[in-house]
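Data first, discussion second: the structure below is written as structure tokens.
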Number of protein chains: 2
Amino acid sequence: MGKQLVSIVDVARRAGVSVASASRVLSNASYPVSEETRSKVLQAAQELHYAPNSLARSLRAQRSNLIAVLVGDNADPYFAEITRGVEEVANDCGYLTIVCNTERKGERELHYLQMLQDYRADGVVFAGSGLNEPGHTERLNTIVQTMRERGAAIVTLAQHTLQVPAIQVDNASGARAMTRYLLELGHRRIAFIGGPSNLIAANMRLQGYMAALIEAGLDVDHTLILAGSFDREGGEQAVRNLEQLPEPQRPSAIFAANDETAFGVLRGLNSLGWRVPEDISVCGFGDLPMAQVVVPSLTTVHIGLRDLGRSGMRKLLAQLQHDDTADTELLPVQVVPRATTQTYSPPITG
Amino acid sequence: MGKQLVSIVDVARRAGVSVASASRVLSNASYPVSEETRSKVLQAAQELHYAPNSLARSLRAQRSNLIAVLVGDNADPYFAEITRGVEEVANDCGYLTIVCNTERKGERELHYLQMLQDYRADGVVFAGSGLNEPGHTERLNTIVQTMRERGAAIVTLAQHTLQVPAIQVDNASGARAMTRYLLELGHRRIAFIGGPSNLIAANMRLQGYMAALIEAGLDVDHTLILAGSFDREGGEQAVRNLEQLPEPQRPSAIFAANDETAFGVLRGLNSLGWRVPEDISVCGFGDLPMAQVVVPSLTTVHIGLRDLGRSGMRKLLAQLQHDDTADTELLPVQVVPRATTQTYSPPITG
DNA sequence: TTGTATGCGTTATCAT
DNA sequence: ATGATAACGCATACAA
């Protein structure tokens with residue numbers, strides 16, 4: 001490979017001092033060093049373009065200053081925003097951020113965790129909610145426990161099977177509030193397009209939706225609950241399925257379990273020639289940046305995603321410094337009414 | 001901190017063999033080892049839940065298996081897509097991906113590079129184009145050279161002042177092609193909303209735009225060239241400025257230097273009550289996923305961003321394996337006509 | 001085929 | 001205040 005970089009030994013030699021002294025200067029140790037020694041070391045380091053070897057440092061210190069964020073897909077704006085928040089705080093505190101795309105596959109998640117354990121990552125942020133694959137929870141728990149015993153910090157930013165410090169998005173309340181909002185607009189037949197069945201967050205939102213209906217004294221119509229996949233394709237497919245429904249059974253509003261799905265719904269409705277919100281109301285969950293960009297702008301449930309990332313990283317740091325905060329916090333969310341929803345008006349039969 | 005993890009020494013002891021033998025088994029060395037020894041080591045490792053220390057390994061091997069992607073902002077879909085592609089290939093090849101948000105600040109870029117040097121990152125992907133800050137190029141060059149001398153691989157995915165292997169998005173041709181396309185539609189007054197002046201890519205697109213006009217024998221009207229910032233706000237602001245223009249000087253088409261800007265333009269026009277594409281045509285550059293989501297869907301220049309990331313990482317690997325490929329490749333782009341552009345029709349004066 | 005010993009670059013411990 | 005040295009965990013050169 002390339003030529004060796006200068007090491008602390010080279011610096012010490014050039015400065016005419018011991019390695020120990022050089023180290024004390026270069027690592028900003030609190031240990032007393034004479035001004036003369038200090039300046040000699042600093043100058044030698046500068047002249048040689050000394051770059052401390054963080055791998056060696058980490059090995060020695062049992063502390064890597066590496067943290068990781070586990071996401072389903074970093075190109076998904078939901079995770080991208082969280083990652084941004086995590087990275088922001090991490091960088092401020094001298095940590096490097098490793099991004100891991102699990103593609104929502106248990107196998108990949110475990111694979112990554114093992115690598116992170118190997119690299120002695122100081123912490124891991126689970127950005128997405130837990131996977132419901134058979135046997136996954138157990139295996140996940142095993143490695144997470146091992147990491148924690150080693151001193152690594154873990155935090156989840158969603159409902160999770162993991163028993164670790166968490167910041168939970170209040171999915172159930174958010175979905176309930178949104179459903180109530182639609183009910184107040186006069187809608188009675190409200191379709192719900194869910195997410196992957198192995199995603200806890202998706203289930204919580206479904207629960208919230210049903211709870212609101214029941215509270216309002218309405219029956220839950222299972223023909224109005226459709227499968228989705230948290231992506232646009234799922235939304236489009238669901239619309240095609242809704243179209244198959246006989247006229248009187250069709251919904252007057254569609255609640256998509258996340259914004260991406262809602263975008264797919266909007267696209268699907270558009271190609272069907274159904275106008276939003278005149279013919280049908282639509283809403284999502286998440287409030288991605290593009291929710292405000294689409295025309296009409298999307299009514300959705302706002303989650304402060306970047307802040308969620310920031311708080312998550314801070315919680316990680318707190319664990320690392322044994323400043324143990326409350327183990328699990330709930331992140332409140334709010335309904336943001338925009339232009340894709342409007343008061344229900346009965347179809348004109350003529 | 002937490003309790004010590006088991007090391008290779010523990011494994012060796014438990015297996016009743018030397019550390020060297022254990023290492024040979026656990027690192028999959030090509031060195032011959034008897035079947036008996038191998039299985040003893042493997043079993044001991046399993047029983048102890050041995051996790052190899054990658055920091056030690058990296059220190060020893062002078063090779064970290066860490067790579068980094070330098071982006072302006074990982075929450076920007078442009079960079080998010082690239083990062084995804086990089087991470088995909090990196091992970092396939094056993095590398096961990098560090099994400100660095102430079103916020104397009106030279107200072108942050110340098111700061112990150114120093115950290116990456118400290119961690120002995122095996123490679124760095126510069127996803128964005130070079131910054132034009134005074135003195136930045138020189139300082140950047142210095143540290144990049146040091147990294148390369150060390151054996152690290154570098155690749156840029158955009159026009160860059162750095163003299164390193166690169167995959168360049170053909171910004172000039174793309175912008176020229178798009179401008180020609182608008183000209184063919186009959187537009188003559190085409191506004192151009194640029195990007196940050198210190199971004200080479202933005203300048204290349206402006207060059208392409210002007211080249212097409214000149215080729216068509218048209219004058220470049222500088223009142224139609226507006227400043228932008230590669231974000232939605234810039235697009236909205238530019239629209240407000242265009243509105244100030246007296247009627248006859250207004251453009252019939254707006255070419256935004258990137259998609260984000262175009263989204264801002266669409267939003268700005270919408271709030272002004274100008275219809276797209278009936279009253280005015282709009283197009284962007286980049287073809288982000290959401291270009292197909294907005295209504296009407298955005299005419300833009302397609303860049304295969306995820307592929308760009310993948311190719312970039314492959315180019316990095318090629319360098320690492322001294323399979324030196326062509327130093328700089330050009331990534332072709334294509335105009336994708338969608339619904340925000342249409343044939344120019346002169347305003348009806350009545 | 002196996003084992004011993006050394007070095008990768010740092011920092012902390014212990015003397016001085 | 002300074003210096004010599006062990007140890008972090010691993011992989012290799014060399015010896016057996």
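The values are calculated or read from the model by the stated rules, or taken from the named source; none is laboratory data. What you see is a predicted model; the values in this text were computed from it and never measured. Methodologically, a virtual Cβ is constructed for each residue, glycine included, from the backbone with ideal geometry; neighbour enumeration extends over all protein chains shown.
Residues of region B:1-27 that are within 11 Å of DNA strand D (Cβ to nearest atom), away from chain A (no Cβ under 14 Å) and either touching a Lys or Arg at 6+ places or on another chain (Cβ under 7 Å) or part of a loop (DSSP other than H, G, I, E, B) (or both): B:Ser18, B:Val25. Every residue in region A:124-136 that is closer than 27 Å to A:Arg84 by Cα and at pLDDT below 95, please. Of everything in region A:124-136, those that are closer than 27 Å to A:Arg84 by Cα and at pLDDT below 95 turn out to be A:Gly128, A:Ser129, A:Gly130, A:Leu131, A:Asn132.
What are the pairs with Cβ atoms under 7 angstrom where one residue, in region B:249-274, is surrounded by fewer than 24 Cβ atoms within 10 Å (Cβ to Cβ) and the other, located anywhere, is among the aromatic types (Phe, Trp, Tyr)? Sequence gap at least six, or different chains. From region B:249-274, the pairs are B:Ser252/B:Tyr344. All of A:Ala121, A:Ala61 fail the test of being farther than 21 Å from B:Tyr95 by Cβ, within 16 Å of DNA strand D (Cβ to nearest atom) and among the small types (Gly, Ala, Ser), apart from A:Ala61. Based on what the data block shows, is B:Gly186 surrounded by 17 or more Cβ atoms within 10 Å (Cβ to Cβ) and away from chain A (no Cβ under 14 Å)? Criteria not met by B:Gly186.
One residue stands out in region B:28-50 among those that are part of a loop (DSSP other than H, G, I, E, B) and hydrophobic (A, V, I, L, M, F, W, C): the one that is nearest to the other protein chains (Cβ to nearest Cβ), namely B:Leu48. Screening B:Glu47, B:Glu81 for residues that are buried (at least 22 other Cβ atoms within 10 Å of the Cβ) and either more than 22 Å from B:Ala152 (Cβ to Cβ) or within 16 Å of DNA strand C (Cβ to nearest atom) (or both) leaves exactly one candidate, B:Glu81. Which residue pairs have Cβ atoms closer than 6 Å, lie 6 or more positions apart in sequence or on different chains, and pair a first residue in region B:42-64 that is of a type in the set (Ser, Thr, Tyr) with a second residue that is surrounded by fewer than 20 Cβ atoms within 10 Å (Cβ to Cβ)? So the pair list comes out as B:Tyr50/B:Val6; B:Ser54/A:Asp118.
Among the residues of region B:257-286, the one identified as on the phi > 0 side of the Ramachandran plot and touching a helix residue (DSSP H, G or I) at 6+ places or on another chain (Cβ under 7 Å) is B:Gly286. Name the single residue that is nearest to DNA strand D (Cβ to nearest atom) among those in region B:64-80 being in contact with an Asp or Glu (Cβ under 6 Å, 6 or more places away or on another chain) and either at positive phi or at the interface with another protein chain (Cβ under 7 Å from one of its Cβ atoms) (or both). Applying the filter and picking the extreme gives B:Ser64. Residues in region B:23-37 that are near DNA strand C (Cβ under 8 Å from one of its atoms), surrounded by 10 or more Cβ atoms within 10 Å (Cβ to Cβ) and not charged (D, E, K, R): B:Ser23, B:Tyr31, B:Val33, B:Ser34, B:Thr37. Residues that are in a helix (DSSP H, G or I) and buried (at least 24 other Cβ atoms within 10 Å of the Cβ) occur at least once in region A:206-215.
In region A:129-165, the qualifying residues are those that are buried (at least 24 other Cβ atoms within 10 Å of the Cβ) and under 22 Å from A:Ser197 (Cα atoms), and the one that is nearest to the chain's Cα centre (by Cα) is A:Leu157. Just one residue in the set B:Val33, B:Val6, B:Val17, B:Val89 is in contact (Cβ under 8 Å) with a residue 12 or more places away in the chain and touching a His at 6+ places or on another chain (Cβ under 8 Å); that residue is B:Val6.
Residues that are away from chain A (no Cβ under 13 Å) and either over 19 Å from the mean Cα position of the chain (by Cα) or at positive phi (or both) are absent from region B:94-102 altogether.
Table: residues versus (1) away from chain B (no Cβ under 13 Å); (2) touching a Pro at 6+ places or on another chain (Cβ under 8 Å); (3) farther than 27 Å from B:Gly85 by Cα; (4) assigned to a helix (DSSP H, G or I).
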{"position": "A:Glu107", "(1), (2), (3), (4)": "no, no, no, yes"}
{"position": "A:Arg120", "(1), (2), (3), (4)": "no, no, no, no"}
{"position": "A:Leu140", "(1), (2), (3), (4)": "yes, no, no, yes"}
{"position": "A:Ala158", "(1), (2), (3), (4)": "yes, no, no, no"}
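Scanning region B:28-48 for residues that are at pLDDT below 95 and more than 11 Å from DNA strand D (Cβ to nearest atom) yields a total of 0. Output yes when any residue across region B:224-239 is over 17 Å from B:Leu183 (Cα atoms) and exposed (fewer than 13 other Cβ atoms within 10 Å of the Cβ), and no when none is. Looking for residues that are over 17 Å from B:Leu183 (Cα atoms) and exposed (fewer than 13 other Cβ atoms within 10 Å of the Cβ), one finds none in region B:224-239, hence no. Of the numbered criteria (1) under 26 Å from B:Arg139 (Cα atoms); (2) more than 8 Å from chain B (Cβ to nearest Cβ); (3) surrounded by fewer than 24 Cβ atoms within 10 Å (Cβ to Cβ), the one A:Asn53 fails is (2). Considering only residues that are more than 11 Å from chain A (Cβ to nearest Cβ) and touching a Lys or Arg at 6+ places or on another chain (Cβ under 9 Å), which ones fall in region B:266-295? Answer for region B:266-295, where residues must be more than 11 Å from chain A (Cβ to nearest Cβ) and touching a Lys or Arg at 6+ places or on another chain (Cβ under 9 Å): B:Gly268, B:Leu272, B:Ile280, B:Cys283, B:Phe285.
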